[in-house]
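The values are calculated or read from the model by the stated rules, or taken from the named source; none is laboratory data. Nothing here was measured: the structure is a model prediction, and the numbers come from that model. A quick note on method: Cβ atoms are made from the backbone with ideal geometry, for glycine too, and the neighbour counts reach across all protein chains shown. What goes into the accessible areas is simple: the full protein's heavy atoms, side chains included, and nothing from ligands, DNA or RNA. Shrake-Rupley method; radii C 1.70, N 1.55, O 1.52, S 1.80 Å.
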Amino acid sequence: MKPPQNDKLQYHTPPLPSKSQQKSEAKSRTHRLAMPSPSLRLAVVGAGAAGLVAARELRREGHSPVVFERAVSVGGTWLYDAAPATSDPLAAGAAHSSLYASLRTNLPREVMGFLDFPFASSAAEAGGGGDTRRFPGHDEVLRYLEEFARRFDLYGLVRFGTEVVRVRRDGGGGGGRWAVTSRKIGEKGRREEEEEVYDAIVVCNGHYTEPRVAHIPGVEAWPGKQMHSHNYRVPEPFHDQVVIIIGASASAVDISRDLAGVAKEVHVADRSAPACTCKRQPGYDNMWLHSMIDHAQEDGCVVFQDGSSIKADVIMHCTGYLYDFPFLEDDSAITVDDNCVDPLYKHVFPPEVAPHLSFIGLPWKVIPFPLFELQSKWVAGVLSGRVKLPSREEMMEDVKAFHSKMEARGWPKRYAHNFSDCQFEYDDWLAEQCGHPPIEQWRKLMYAANSENKAARPESYRDEWDDDHLVAEAAEDFKKYL
């Protein structure tokens, strides 16, 4: 089921005040900004794109963030793991990243970057050896994040190879403080866990690690191999095999084309396709689109909803991921039900414990890095007292109103953080809260142009486009940062 394209879930910006009000508010704001803000000791979970920009914004606001990162480097999901170690190909195992070797961005680099740190091809050219393509490979994104961490001196804030085991409210300290239990990983010998108390927790652990798996009746007796795209890296192991891919999102599209070059047959099962669907994909002799799988059989056959069947070697679930916060104790004041993290005011703050617990980066179907940045600015400002939140009761009413609108539109709970229709309203709402300019118009237009181009040229949109005028406008805008 896809969310409707009209009747948006909107994030309303309050009406502009009068000129006299603006002068009064500006004077008040200047006075507030001149006052020293309280410096809080904060724990940030994760050093991917969200964790890095959160650390930067928290420090800019005068706080003292400590970033916990399981891996040995920054990057999060952009830190490629060529050989994920897992005994269960349907599970996450020890691998955090879901990248496959051939992955290129599905957004142009101009729109992807942080607002004041452009992801420009000129930077790759100047550095030498970079990927200057407009839709670069994943290693170029990692280089960008590493350079961001260097440029803003963030490495010293990160505890690498350190896993957050448990986060709970600290009963002894009062004032909304939290006890964080962590441990070093990958060391020889046993290491004791360490508990520290922080003023607030900012959760930035991503949501592309815990696989979501489709339910297939009869699959327990089916003799083939199942795996999730989380554990896919290269196509060669599937040489001359018959592979069924479940899904129709970016990873399913990329991996199906990756496999078509080596597999005997590739069959894509799309839940949104009509039940009668069974057609060869344009440009391919060995790839077909089907309706969803109906059931699997002991004889190795997989039956689709139209009654057709295929004897397959592999079923690959390109079915997305689950929000997962295994370190949060029951007193975190949030639950995850049908992939909806609730209750959260504006998808960031649980009203009961706000602002001492916050989440960066939950929305999907967005341009992620700018959204992470604006959420982080908001959280940092709220924690310092420079930006005010509504009362707990008002925040809960806002959450209830949001879910009521979803129900009225017939959206399932799992679409709660799907921002396909409202990301820029949300971004601009955040910007207004923290006194930041709205998202640039060229970025909004370029995002829309890319969506249209992807629909028109699904096989070649990364290498052919018609928005060079927006690329030029972005390049001009970048000059003030480069």
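Key figures
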quantity: The listed residue being open to solvent by less than 50 Å² (accessible area, probe 1.4 Å) and not assigned by the TED database to the domain that holds Met112, out of Ile310, Ile334; calculated: Ile310
quantity: Matching strands (runs of 3 or more DSSP E) fully within region 322-423 where at least 2 residues are in contact with a helix residue (DSSP H, G or I) (Cβ under 9 Å, 6 or more places away or on another chain); calculated: 340-342, 357-359
quantity: Which listed residue is among the small types (Gly, Ala, Ser) and either over 15 Å from Ile293 (Cβ atoms) or crowded, with 22+ Cβ neighbours inside 10 Å (or both), from Ala221, Ala214, Ala200; calculated: Ala200
quantity: Where Glu432 falls short, out of the listed (1) modelled with pLDDT under 95; (2) touching a Ser or Thr at 6+ places or on another chain (Cβ under 7 Å); calculated: (1)
quantity: Criterion: aromatic (Phe, Trp, Tyr), under 18 Å from Ala55 (Cβ atoms) and either assigned by the TED database to the domain that holds Leu52 or open to solvent by less than 30 Å² (accessible area, probe 1.4 Å) (or both) - qualifying residue of Phe349, Phe402, Phe369; calculated: Phe369
quantity: Check on Ala449, touching a residue at least 24 places away in the same chain (Cβ under 8 Å) and among the small types (Gly, Ala, Ser); calculated: no
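Table: residues versus (1) on the phi < 0 side of the Ramachandran plot; (2) in contact with a strand residue (DSSP E or B) (Cβ under 8 Å, 6 or more places away or on another chain); (3) surrounded by 18 or more Cβ atoms within 10 Å (Cβ to Cβ).
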| position | (1), (2), (3) |
| --- | --- |
| Met227 | yes, yes, yes |
| Phe238 | yes, yes, yes |
| Ala252 | yes, yes, yes |
| Ile255 | yes, yes, yes |
| Arg280 | yes, yes, no |
| Asp285 | yes, no, no |
